[in-house]
1. Just to be sure I understand, how many residues within the stretch 59-101 are closer than 17 Å to Tyr34 by Cα, assigned to a loop (DSSP other than H, G, I, E, B) and in contact (Cβ under 8 Å) with a residue 12 or more places away in the chain?
2. Does Asn54 qualify as being loosely packed, with under 15 Cβ neighbours inside 10 Å, in contact with a strand residue (DSSP E or B) (Cβ under 9 Å, 6 or more places away or on another chain) and touching a residue at least 12 places away in the same chain (Cβ under 8 Å)?
3. Could you tell me how many of the residues in the stretch 89-101 are surrounded by 15 or more Cβ atoms within 10 Å (Cβ to Cβ) and within 12 Å of Ala30 (Cα to Cα)?
4. Could we say that Gly62 is out of contact with any helix residue (DSSP H, G or I) (no Cβ under 9 Å at 6 or more places or on another chain), surrounded by fewer than 20 Cβ atoms within 10 Å (Cβ to Cβ), over 16 Å from Gly25 (Cα atoms) and of a type outside the set (D, E, K, R) here?
5. In the stretch 64-94, how many are farther than 27 Å from Thr18 by Cβ and of a type in the set (S, T, N, Q)?
6. Which members of the stretch 26-47 meet the condition of being of a type in the set (Gly, Ala, Ser) and within 15 Å of Arg60 (Cα to Cα)?
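The values are calculated or read from the model by the stated rules, or taken from the named source; none is laboratory data. Because the structure is a prediction, the values reported are computed rather than measured. When we count neighbours, we look across all protein chains shown, and the Cβ atoms used for this are built from the backbone with ideal geometry, even at glycine.
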Amino acid sequence: MTKISRGAVLRTGNAYDTMTTGTIGAAFPAVAIYQEQLACLEVLVQNDPASASNALIGNRFGQSIVLVPGASITIPINNVNKVWAGTAPGGGATINWIAMT
């Protein structure tokens, strides 16, 4: 079995055997993009191209990454519910995500 280390993420064998996807409406204040526990290797988060506002991506303590509509970011993380999304007050965005588990 081959082990590949990428940062703090350790992968063994066949990575990405399963993918889970979702979509949420983001507003102010930010919320977790998935409310339940879902172990993963990484999450790709996209601000939908049709969104009316920039999306703010981060964790429960702060969201400092700004995604314009259509932009995305891949986050190596061990649980989807650790990724939070929101907008500035009065904004609205649709967040699409896919988790590699």
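1. 6
2. Values: loosely packed, with under 15 Cβ neighbours inside 10 Å: no; in contact with a strand residue (DSSP E or B) (Cβ under 9 Å, 6 or more places away or on another chain): yes; touching a residue at least 12 places away in the same chain (Cβ under 8 Å): yes.
Judged against the criteria, Asn54 is not a match.
3. First, the residues of the stretch 89-101 that are surrounded by 15 or more Cβ atoms within 10 Å (Cβ to Cβ): 91, 93-101.
Subset that is within 12 Å of Ala30 (Cα to Cα): 91, 93, 95.
Within the stretch 89-101, residues that are surrounded by 15 or more Cβ atoms within 10 Å (Cβ to Cβ) and within 12 Å of Ala30 (Cα to Cα) number 3.
4. Details: out of contact with any helix residue (DSSP H, G or I) (no Cβ under 9 Å at 6 or more places or on another chain): yes; surrounded by fewer than 20 Cβ atoms within 10 Å (Cβ to Cβ): yes; over 16 Å from Gly25 (Cα atoms): yes; of a type outside the set (D, E, K, R): yes.
So Gly62 passes the test.
5. Pass one, the stretch 64-94, residues farther than 27 Å from Thr18 by Cβ: 64, 66, 68-69, 86-92.
Now narrow it down to the ones that are of a type in the set (S, T, N, Q): 64, 87.
Qualifying residue count, the stretch 64-94: 2.
6. First pass over the stretch 26-47, keeping only residues of a type in the set (Gly, Ala, Ser): 26-27, 30, 32, 39.
The answer is Ala26, Ala27, Ala30, Ala32.
Yes or no, residue by residue, for (1) modelled with pLDDT under 75; (2) not in a strand (DSSP E or B):
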site	(1), (2)
Met1	yes, yes
Ser5	yes, no
Thr23	no, no
Phe28	no, yes
